[in-house]
Amino acid sequence: MDYKLQIAKLISNLNLVVDEIYSQLTPSINSEMGDYSLPCFKMAKELKKSPVLIASELANSFKIVSPIEKIEAVNGYVNFFLKKSEVSKEVIENVVYKGENFAKLNIGTGKTIVLDYSSVNIAKQMHIGHLYTTAIGNSLNNIYKYLGYKTVGLNYLGDYGLQFGEIIAAHKTFGSEQELKLGGIEYIQKMYAKGKDESKENEEFAELGKYWFLQIEQKNEEAMRLFEVFKEITLNEVKPIFELLNIHFDEWKGELYYSDKMNEIINELENSGLMKESRGRKIVDLKKENLNVAVIVKEDGSTRYITRDLAAGIDRYRSYKFDKCLYITAYEQNLHFAQLFKILEKLGYEFAKNMVHVSYGRVSLPEGKLSSRMGAKALLKDIFKESIYRASEIINEKNPNLNNKDEVAKAVGIGAVMFGALNSQKIKDTVFNMEEALSFEGETAPYMQYTYARACSILRKYNELKTKNNTPNYSQILGSEAFEIIKTLNNFGDVIIEAVEKYEPSILSRTLMNLCKNFNKFYHDYKVLDEDANIMEARVNLVLAVKTALKLGLNLLGLSVVEEM
């Protein structure tokens, strides 16, 4: 229910514009100061009166009608208090009736969002550095879908570069087909390291690496056979991680796919006059835009990452006619994407203004046993395996007779890790602490999953009662925690929209955490299965509404829920 709009319309009867009032009305931080507040400071300049006087005049001239219960003027603010029992009934019954669609606002109908995230590198395993891009990208994808957008999830493979020529050269020189078959990804990474080291020390080997990379570019049969083997081994290694996380991509294209599509953009840059020669290189000078120089073609005639990204950007728009294209990568690539978007804009591509770099900070492990055992670049598969194992140990200790222990351990272990990338502003550098992440107390995923299970438990007990399905008495849901829950439920749709508008899943995370905290306070202070059947019915409906919102919110973040813990 848009109570803010209702208040704005009532205020507009006092010769004020609805849209302006609506934009200025904000939910009150302190419930003792009302449910919504209207600051009068902006109006003071227009009306040439003090904010305190304007607030007082507005409060005194306002006719109190539903859903307003009381109005107060305090220090230049007009504070509006809602009728708790009426609002509680409307909000709770709306959630109960609509289920997980209660917050759905189909604002994305007919629009397409392309999301480039996770970005697996061929010949490498996924490590902790892939956690943010995977968790944030998946969450944004889920939320956009919920809002009615068509989404296209892309896993843009890192499958182009001299290193692949060096791997083949090392394999041909130092390895064998048998070792490749038996060693898999570990063997490829061994050859990767060997190729790099030899290229630095041995000029003849370095030339051999360049030769094999050229053979890949020219689609030489043997070079492509080995490259495809490396690719298949890598994808067979990483795809189970995405299956574990229930993440599915619509497209798995890499840089190599665009290797024969770069001439178009290079010719276009030359014909436009944007590209210039500089010390044997072909560049686009963006110094006037404070974006330095973008190198498109190197001295030896080879292309750069940005060259392939330019071709990929054009291809994505031609393929999907996107309304937005999001690149979810670390903030170290801020300059790269700023250059990419600016070059496309200078070439006259209108879609460039709808390309967005969603940047995030670094994540690492704390110093200690886990960090030293897993190494500086801890592998994601090992982190998830360790987290699920530890979750299983906790469950065996706390509830050894629990049904579906493996399923619960998997949900808790994965949720603990994924939430590490979603519980604070994405731009912050963070240290992932597994002990803290797996705690059932504090701001963690297990705490929220446990809260969901608690709500399920209450509802199971309710369903066992003979006395149920009575007329709910919402007048008894008047406590501050309960009404904070009501307001959170009512604003849930706005929270979801804000999360995607700001590309910030942590906005939804914080809302869910506050919902859990207030629900647990409510559960502690009130007996849900009350002796009074009508009061019980109202409180049970509140529990059902919280359960619905938690499942929706956690699923949008990419976390699973379980009904028993």
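The values are calculated or read from the model by the stated rules, or taken from the named source; none is laboratory data. Remember, it's a predicted structure, so these values are computed and weren't measured experimentally. Counting neighbours? That spans all protein chains shown, and the Cβs are built from the backbone with ideal geometry, glycine included.
Is it the case that the stretch 299-314 has a residue that's loosely packed, with under 14 Cβ neighbours inside 10 Å, assigned to a loop (DSSP other than H, G, I, E, B), acidic (Asp, Glu) and touching a strand residue (DSSP E or B) at 6+ places or on another chain (Cβ under 8 Å)? Yes, because at least one residue in the stretch 299-314 is loosely packed, with under 14 Cβ neighbours inside 10 Å, assigned to a loop (DSSP other than H, G, I, E, B), acidic (Asp, Glu) and touching a strand residue (DSSP E or B) at 6+ places or on another chain (Cβ under 8 Å).
Just for the stretch 139-165: of the residues that are among the small types (Gly, Ala, Ser) and out of contact with any Leu (no Cβ under 6 Å at 6 or more places or on another chain), which one is surrounded by the fewest Cβ atoms within 10 Å (Cβ to Cβ)? Filtering the stretch 139-165 for residues that are among the small types (Gly, Ala, Ser) and out of contact with any Leu (no Cβ under 6 Å at 6 or more places or on another chain), the one surrounded by the fewest Cβ atoms within 10 Å (Cβ to Cβ) comes out as Gly148.
Within the stretch 531-552, the residues that satisfy the criterion of being out of contact with any Ser or Thr (no Cβ under 6 Å at 6 or more places or on another chain), farther than 25 Å from Asn142 by Cβ and in contact (Cβ under 8 Å) with a residue 12 or more places away in the chain are Asp532, Ile535, Met536, Glu537, Ala538, Arg539, Val540, Asn541, Leu542. In this structure, does Ile265 turn out to be closer than 23 Å to Asp159 by Cβ and out of contact with any strand residue (DSSP E or B) (no Cβ under 7 Å at 6 or more places or on another chain)? Spelling it out, Ile265 is indeed closer than 23 Å to Asp159 by Cβ and out of contact with any strand residue (DSSP E or B) (no Cβ under 7 Å at 6 or more places or on another chain). Out of Ser392, Ser364, I need the residue that is of a type in the set (S, T, N, Q) and in contact with a helix residue (DSSP H, G or I) (Cβ under 6 Å, 6 or more places away or on another chain). Which one? Among Ser392, Ser364, only Ser392 is of a type in the set (S, T, N, Q) and in contact with a helix residue (DSSP H, G or I) (Cβ under 6 Å, 6 or more places away or on another chain). Taken residue by residue, the stretch 33-41 has at least one member that is surrounded by 16 or more Cβ atoms within 10 Å (Cβ to Cβ), touching a Leu at 6+ places or on another chain (Cβ under 9 Å) and closer than 25 Å to Val540 by Cα. A single member of Ile168, Ile216 is at pLDDT 95 or above, surrounded by 20 or more Cβ atoms within 10 Å (Cβ to Cβ) and of a type in the set (A, V, I, L, M), and it is Ile168. Ser118 meets each of the listed conditions (1) of a type outside the set (A, V, I, L, M); (2) under 14 Å from the mean Cα position of the chain (by Cα); (3) at negative phi apart from (3).
Residue check: Tyr211 meets all listed conditions (1) more than 25 Å from Lys385 (Cα to Cα); (2) not in a helix (DSSP H, G or I) but one, namely (2). Give the stretch 150-184 a look and list any residue that's within 30 Å of Gly313 (Cβ to Cβ) and assigned to a helix (DSSP H, G or I), or say none. Within the stretch 150-184, Leu162, Gln163, Phe164, Gly165, Glu166, Ile167, Ile168 qualify.
Consider the stretch 50-69 and keep the residues that are at pLDDT below 90 and more than 22 Å from Leu5 (Cβ to Cβ). The one that is surrounded by the fewest Cβ atoms within 10 Å (Cβ to Cβ) is Asn60.
Rundown of residues vs (1) of a type in the set (Lys, Arg); (2) touching a residue at least 60 places away in the same chain (Cβ under 8 Å); (3) in contact with a helix residue (DSSP H, G or I) (Cβ under 6 Å, 6 or more places away or on another chain), yes/no style:
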position	(1), (2), (3)
Glu251	no, yes, no
Leu256	no, yes, no
Lys261	yes, no, yes
Gly273	no, no, no
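Which of the residues belonging to the stretch 1-17 are in a helix (DSSP H, G or I) and more than 17 Å from Glu69 (Cα to Cα)? Result: Ser12, single match. When the stretch 275-297 is filtered for residues that are assigned to a helix (DSSP H, G or I) and without any contact (Cβ under 8 Å) to a residue 40 or more places away in the chain, the ones remaining, listed by number, are Lys287, Lys288. Selection of the stretch 463-478 for residues being surrounded by fewer than 18 Cβ atoms within 10 Å (Cβ to Cβ), modelled with pLDDT of 80 or more and in a loop (DSSP other than H, G, I, E, B) yields Leu465, Asn470, Thr471.
Considering the conditions (1) in contact with a strand residue (DSSP E or B) (Cβ under 9 Å, 6 or more places away or on another chain); (2) modelled with pLDDT of 90 or more; (3) not hydroxyl-bearing (Ser, Thr, Tyr), Glu350 is excluded by exactly one of them, (1).
Checking the stretch 397-412 against the condition returns a match, with at least one residue being small (Gly, Ala, Ser), modelled with pLDDT of 90 or more, more than 22 Å from the chain's Cα centre (by Cα) and part of a helix (DSSP H, G or I). Answer yes if at least one residue in the stretch 362-376 is at pLDDT below 95 and surrounded by 19 or more Cβ atoms within 10 Å (Cβ to Cβ), and no otherwise. Within the stretch 362-376, one or more residues are at pLDDT below 95 and surrounded by 19 or more Cβ atoms within 10 Å (Cβ to Cβ).
Please work out if Ala135 is within 19 Å of the chain's Cα centre (by Cα) and either within 22 Å of Asn490 (Cβ to Cβ) or polar (S, T, N, Q) (or both). Considered against the rule, which asks whether it is within 19 Å of the chain's Cα centre (by Cα) and either within 22 Å of Asn490 (Cβ to Cβ) or polar (S, T, N, Q) (or both), Ala135 comes out as no. Here Leu559 fits the description: buried (at least 23 other Cβ atoms within 10 Å of the Cβ), modelled with pLDDT of 95 or more, under 20 Å from Asn423 (Cα atoms) and not hydroxyl-bearing (Ser, Thr, Tyr).
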